[in-house]
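Asker: One structure follows; several queries about it will come next.
The values are calculated or read from the model by the stated rules, or taken from the named source; none is laboratory data. Nothing here was measured: the structure is a model prediction, and the numbers come from that model. For neighbour counting, all protein chains shown are included, and Cβ atoms are generated from backbone atoms with ideal geometry for every residue, glycine included.
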Amino acid sequence: MTTKIVQTEDLHKTYDKDSAKPYEALKGISLSVNEGEFVGIMGASGSGKTTLLNILATLDQPTSGSVEIDGQDVTHLTANQMADFRSKKLGFIFQDFNLLETLTAQENIALPLSLQNAKAATIQTAVKTAAGKLGIEDLLGKYPTQLSGGQKQRVAAARALVSNPSIIFGDEPTGALDSTNARELLDTLTNINQQGVSILLVTHDPFSASFCKRILFIKDGKIGDEIDAGDKSRNEFYQEILEKLGTFEQ
Amino acid sequence: MLFKISISGIKARWKDYLVLFSGMIITTAIFYMFEAISTNDKFTTSSPVGQNAKIVFIFGSILLAIITLVYVFYANNFLMSMRKHDYGLFMMLGAKSGIISKLIILETIAIGLISSVVGIIIGIGFTQVLSHFLAKLIHMSLTNFSAFYMPAVWTTIIMFLVLFIVAGFLNARTFVKTSALELLHSGQQSDWKQPKSLTLWIQAILGVGLLAGGYYAMYDIQRLKLMAIAIGLFTIVLGTYFVFNSFFVMLLQAFQRSSLSTKGLNSFTLAQLKFRIRDYTKILSVVSLLFALALGAITVGTGFQNMVPKLASGNGYYSVAITNPNDRMNSLVNQIKDKSTITYQQKVDPQAKRVYYRADQLQQQPLKYSEFVDRAALKSKVSTSKLAEFKHVDSEAYQELSSLQIPKVKAYQIKVVSAQTFNQINTRTNKLLLVRANNMDAAATPLTKITNIQSKQYGDQNGQLVGGSFTMYQLLKSVFGSLEFMGIFLGIAFLAMLASCLMFKILSGAASDKVRFDMLNKIGTRRAVLNRSIIVQILGLFALPGILGIIDVAFGLQMFSRGGLLVGGAYQTFGITTLGFLILYLIYFAVTVLIYSRIVVPKTKVER
């Protein structure tokens, strides 16, 4: 039996609950991500995908429902417990890289481990390993301003990987890249995924989504549809996503 | 329509505007207070050194105006950093640049006008409180002084209005030149470049060397004379700049290389601080120099004041001499706690122009007198007179006794005679009461009343001819009092300005730091760790110029003590003034940390 890395049960999120006009962003979402899966979440703006991602990433808490990550219920954690949980169990790749310009690539990658107060030697090894997986060993001494967009995003990916997280969350990670660099990053993510790391990608870009193995479509705070890549080629899956989007959005 | 959006934009960020306004209002208030006191003739001419003080006040006023300029500039940058996004949006929506310019100019001037008016009103209150507080502190009378002074109101309004109109136009120009997209994404770019290590080394060595040279010049003021000040000014300004631009950066780099930097957020904190110091080199240098000026002004001012009792008691052993004291006088003398008194009988012969004293009384209760043994250290020695000394007019004892007579009799010859002879002289017997207050500062109130009664009694002689060292004390107090007043005043005004400048400079960078802190929160940094990092970063920016400023003063005071200006050592009040100064500075630091954290630390979204 496969282990479930992420499992949510009937998630609800209502903003301005006590006001005259409460807004229900999530209306009962139940989903699961298995260990080693590469799952995409697609949906139009305002569909609730960012709210969902924030809750899964322990940046926000649901109004009702449960979220389990790596077997742990994360809906009842204190702020500090949530922070510790993020630093140990989760990796993040953001749209605009979010690297610190005043730190070298090496220091940027090391940040999550420093936060856990890991030993210097441990950090050294972990950074080398993560950099090796992404082929950026030569860039470790450089500052972000000396790197190209694609290189920056690979450094950001290494930072997400360095603490051996249970899952990596990507929030439109290719949004700020040109097509070549976007392609390169997605290949890298696929590569990481093949090494056994679970990935959850939030995107509205069909090309990025086509690299996933399974896609959940969100509409008006609910999961509207789900498709599986199965044995299809990436190109076939891409066509299927386009078709699905065409009908789903109406 | 745009006006409406503009107002709603301000409403949404009213807390940030509150910070801006309170800063502007305090600046205006301080400027008004300074103008009101420095340009007010009633204040400056009521002290004996009024004219000299006025020149220094004008000098201070110019310095203050320059700092105010810098301050308004930074406050304005802070304002614009808050509005950039909104204006970018307006332009995106198709607002013409002319309308945007008008809006910016109006907004800037409106803010300037509101803060000027409120600032002046508060400034009048400040002036009232502070002038009386300081006057009381240094026993100066401010009878004709009024806190409301129309010329000062005008100067302040004109000064700030001009500044804000200029600032408004400058803002408008920068905005119109920047594209809408850049405005929308402002604060997301950073231009950090790692400085070359050779440049760092050269600048660090140059910086430390220049500072050392400047400190030496001030130390060697006796030989270098005025050149010391010229050399000091040049080398310390340049040295400070280089030290910030390189020395501190290298220091932080050394920390970064140590194992310390792998713990928690240390690497981030150190890197941010390093980046900030290089980015803020100019303002940090200015803050450090102003800090030194302000602290120096207060220390020197209080130092002058501190030497008054010593100078005065070296000039005479007895504080006051009272001829034929009445009940009122006796009760005033009784109010002096720590004292010693002597009473002599005295007969005055106006025809022969002679004053007679009884030898037996001078024998039993010998007159004491004090003289300086070391003028530079303000050390004086107390001696007891011998009877024979009164035969020589130029003896210390004779001079002391002579100075203690009432003004009319001062020129008379003193004759010491036997009790028998004394009794045969056919005039009224006077009583001369000599009072020595061991602590003149503590006894200042009754002593002042006594000398006031005396100067009325003996005609308008400005109190100076009344016998006793307290009149000297009063004279010195009024001379040094205005120096101290100005020192403290300038010091506080400078401190408030420089700390506000630093605060706004740091706060205007907060918007661009938001993204960084947001990311750190996402990758799992605890709130407390984020807050600690902010405290360390801001502490670094406040502490480094402060430390350098204190070192500047520590060496700069050499000029005063070795140059002989501040006799008795310039360092006596250094500790206490530095402490008081640091407390005020710390308040600014705390406020900056609070506001900064509020802007950058992401709110934890924990319900329940």
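Asker: Any residue in region B:197-214 that is within 14 Å of chain A (Cβ to nearest Cβ) and either in contact with a Ser or Thr (Cβ under 9 Å, 6 or more places away or on another chain) or not aliphatic (A, V, I, L, M) (or both)? Lay out the reasoning, then the answer.
Answerer: The first filter runs over region B:197-214 and keeps only residues within 14 Å of chain A (Cβ to nearest Cβ), leaving B:197.
Then keep just the ones that are either in contact with a Ser or Thr (Cβ under 9 Å, 6 or more places away or on another chain) or not aliphatic (A, V, I, L, M) (or both); that gives B:197.
Looking for residues that are within 14 Å of chain A (Cβ to nearest Cβ) and either in contact with a Ser or Thr (Cβ under 9 Å, 6 or more places away or on another chain) or not aliphatic (A, V, I, L, M) (or both), one finds at least one in region B:197-214, hence yes.
Asker: Here's a follow-up. Exactly one of these conditions fails for A:ASN98: (1) modelled with pLDDT of 85 or more; (2) not in a helix (DSSP H, G or I). Give me its number.
Answerer: (1)
Asker: Within region B:507-522, identify whether any single residue is closer than 16 Å to B:TYR588 by Cβ, at pLDDT 85 or above and within 14 Å of chain A (Cβ to nearest Cβ), and answer yes or no.
Answerer: Checked region B:507-522: no residue is closer than 16 Å to B:TYR588 by Cβ, at pLDDT 85 or above and within 14 Å of chain A (Cβ to nearest Cβ).
Asker: Let me ask another. Do the conditions hold for B:LYS310, that is, is it away from chain A (no Cβ under 14 Å) and of a type outside the set (A, V, I, L, M, F, W, C)?
Answerer: Answer is yes for this residue.
Asker: If you don't mind, there's one more thing I want to ask. Find all pairs meeting these conditions: Cβ atoms under 8 angstrom apart; at least six residues apart or on different chains; first residue within region B:295-319 and hydrophobic (A, V, I, L, M, F, W, C); second residue in a loop (DSSP other than H, G, I, E, B) and buried (at least 24 other Cβ atoms within 10 Å of the Cβ).
Answerer: Listed by first residue and then by second, the contacts come to B:VAL300/B:ALA570.
Asker: Sticking with this one: Of everything in region A:120-135, what is under 23 Å from the mean Cα position of the chain (by Cα) and facing chain B (nearest Cβ under 9 Å)? Give them in sequence order.
Answerer: If the condition is that a residue be under 23 Å from the mean Cα position of the chain (by Cα) and facing chain B (nearest Cβ under 9 Å), then A:ILE123 is the only one that fits.
Asker: From A:THR63, A:THR75, which residue is farther than 28 Å from A:LEU185 by Cβ and at the interface with chain B (Cβ under 9 Å from one of its Cβ atoms)?
Answerer: On inspection, the qualifying residue turns out to be A:THR63.
Asker: For region B:195-237, which positions are under 30 Å from A:TYR143 (Cβ atoms) and at pLDDT below 90?
Answerer: Listed by number, the residues that qualify are B:PRO195, B:LYS196, B:SER197, B:LEU198, B:THR199, B:LEU200.
Asker: From (1) within 14 Å of another protein chain (Cβ to nearest Cβ); (2) modelled with pLDDT of 80 or more, pick out the condition that doesn't hold for B:LEU594.
Answerer: (1)
Asker: Which of (1) modelled with pLDDT under 90; (2) surrounded by 16 or more Cβ atoms within 10 Å (Cβ to Cβ) does B:GLU607 not meet, given it meets every other one?
Answerer: Failed condition: (2).
Asker: If you don't mind, another one. Tell me whether region A:175-182 contains one or more residues that are touching a strand residue (DSSP E or B) at 6+ places or on another chain (Cβ under 6 Å) and in contact (Cβ under 8 Å) with a residue 40 or more places away in the chain.
Answerer: Checked against the condition, which is being touching a strand residue (DSSP E or B) at 6+ places or on another chain (Cβ under 6 Å) and in contact (Cβ under 8 Å) with a residue 40 or more places away in the chain, region A:175-182 yields no hits at all.
Asker: Only residues that are acidic (Asp, Glu) and either closer than 30 Å to B:GLY556 by Cβ or touching a residue at least 60 places away in the same chain (Cβ under 8 Å) (or both): list them for region B:320-357, please.
Answerer: B:ASP338, B:ASP349
Asker: Suppose we filter A:LYS232, A:LYS213 for residues that are among the basic types (Lys, Arg) and within 21 Å of A:LEU161 (Cα to Cα); which single one remains? Before you say what the answer is, go through the steps one by one.
Answerer: Working: A:LYS232 fails: within 21 Å of A:LEU161 (Cα to Cα).
Residue meeting the stated conditions: A:LYS213.
Asker: Identify the single condition in (1) over 30 Å from A:GLU107 (Cα atoms); (2) outside the structural domain of B:LEU502 (by TED's automatic domain parsing) that B:PHE248 does not satisfy, given that it satisfies every other one.
Answerer: (1)
Asker: Of the residues in region A:18-51, how many are under 9 Å from A:GLY221 (Cβ atoms), under 17 Å from the mean Cα position of the chain (by Cα) and not in a loop (DSSP other than H, G, I, E, B)? Walk me through it before giving the result.
Answerer: Filtering region A:18-51 for residues under 9 Å from A:GLY221 (Cβ atoms) gives A:24-29, A:47-48, A:51.
Filter again for under 17 Å from the mean Cα position of the chain (by Cα), leaving A:48, A:51.
Imposing the further condition that a residue be not in a loop (DSSP other than H, G, I, E, B) reduces the set to A:51.
Total satisfying the criteria: 1.
Asker: Please pick out the residue among A:ILE41, A:ILE5 that is out of contact with any Ser or Thr (no Cβ under 7 Å at 6 or more places or on another chain) and at pLDDT 90 or above.
Answerer: It is A:ILE41.
Asker: Moving to a separate point now. How do the pairs read when you match residues in region B:199-222 that are surrounded by fewer than 16 Cβ atoms within 10 Å (Cβ to Cβ) with residues anywhere that are among the basic types (Lys, Arg), using Cβ under 9 Å and keeping only pairs 6 or more apart or on different chains?
Answerer: B:GLN222/B:ARG562
Asker: Scan region A:60-78 and report the pairs whose first residue is farther than 23 Å from B:ASP518 by Cβ and whose second residue is among the small types (Gly, Ala, Ser) and buried (at least 16 other Cβ atoms within 10 Å of the Cβ), with Cβ atoms within less than 7 Å and a gap of 6+ or a chain change.
Answerer: A:ASP70/A:SER166
Asker: Any residue at all in region B:547-556 that is buried (at least 17 other Cβ atoms within 10 Å of the Cβ) and more than 18 Å from the chain's Cα centre (by Cα)? Spell out the reasoning first.
Answerer: Of the residues in region B:547-556, the ones buried (at least 17 other Cβ atoms within 10 Å of the Cβ) are B:548-550, B:552-556.
Imposing the further condition that a residue be more than 18 Å from the chain's Cα centre (by Cα) reduces the set to none.
No, there is no match, as no residue in region B:547-556 is buried (at least 17 other Cβ atoms within 10 Å of the Cβ) and more than 18 Å from the chain's Cα centre (by Cα).
Asker: Only one of these conditions is not met by B:GLY264: (1) in contact (Cβ under 8 Å) with a residue 60 or more places away in the chain; (2) buried (at least 22 other Cβ atoms within 10 Å of the Cβ). Which number is it?
Answerer: Of (1) in contact (Cβ under 8 Å) with a residue 60 or more places away in the chain; (2) buried (at least 22 other Cβ atoms within 10 Å of the Cβ), only one is false for B:GLY264: (2).
Asker: Please pick out the residue among A:ASN117, A:ASN98, A:ASN108 that is buried (at least 18 other Cβ atoms within 10 Å of the Cβ), facing chain B (nearest Cβ under 7 Å) and closer than 30 Å to A:GLN146 by Cα.
Answerer: Exactly one of A:ASN117, A:ASN98, A:ASN108 is buried (at least 18 other Cβ atoms within 10 Å of the Cβ), facing chain B (nearest Cβ under 7 Å) and closer than 30 Å to A:GLN146 by Cα, namely A:ASN98.
Asker: Further, regarding this structure: Please give the number of the condition A:SER198 fails out of (1) under 23 Å from A:THR51 (Cβ atoms); (2) touching a Leu at 6+ places or on another chain (Cβ under 9 Å); (3) more than 14 Å from chain B (Cβ to nearest Cβ).
Answerer: So A:SER198 meets the others, but not (2).
Let's see how each residue does on (1) among the β-branched types (Val, Ile, Thr); (2) part of a helix (DSSP H, G or I); (3) out of contact with any helix residue (DSSP H, G or I) (no Cβ under 7 Å at 6 or more places or on another chain):
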position	(1), (2), (3)
B:ALA75	no, yes, no
B:ALA95	no, no, no
B:LEU103	no, yes, no
B:GLN128	no, yes, yes
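Asker: In region B:302-379, which helices (runs of 4 or more DSSP H) lie fully inside it and hold 3 or more residues that are modelled with pLDDT under 85 and surrounded by 14 or more Cβ atoms within 10 Å (Cβ to Cβ)?
Answerer: Fully inside region B:302-379 and qualifying: B:308-314.
Asker: Which one is farthest from the other protein chains (Cβ to nearest Cβ), of the residues in region A:83-95 that are surrounded by fewer than 23 Cβ atoms within 10 Å (Cβ to Cβ) and farther than 18 Å from A:ALA130 by Cα?
Answerer: A:GLN95
Asker: Which condition from (1) within 15 Å of B:MET519 (Cα to Cα); (2) of a type outside the set (Asp, Glu); (3) at pLDDT 90 or above is the one that A:LYS128 breaks?
Answerer: A:LYS128 satisfies all of (1) within 15 Å of B:MET519 (Cα to Cα); (2) of a type outside the set (Asp, Glu); (3) at pLDDT 90 or above except (1).
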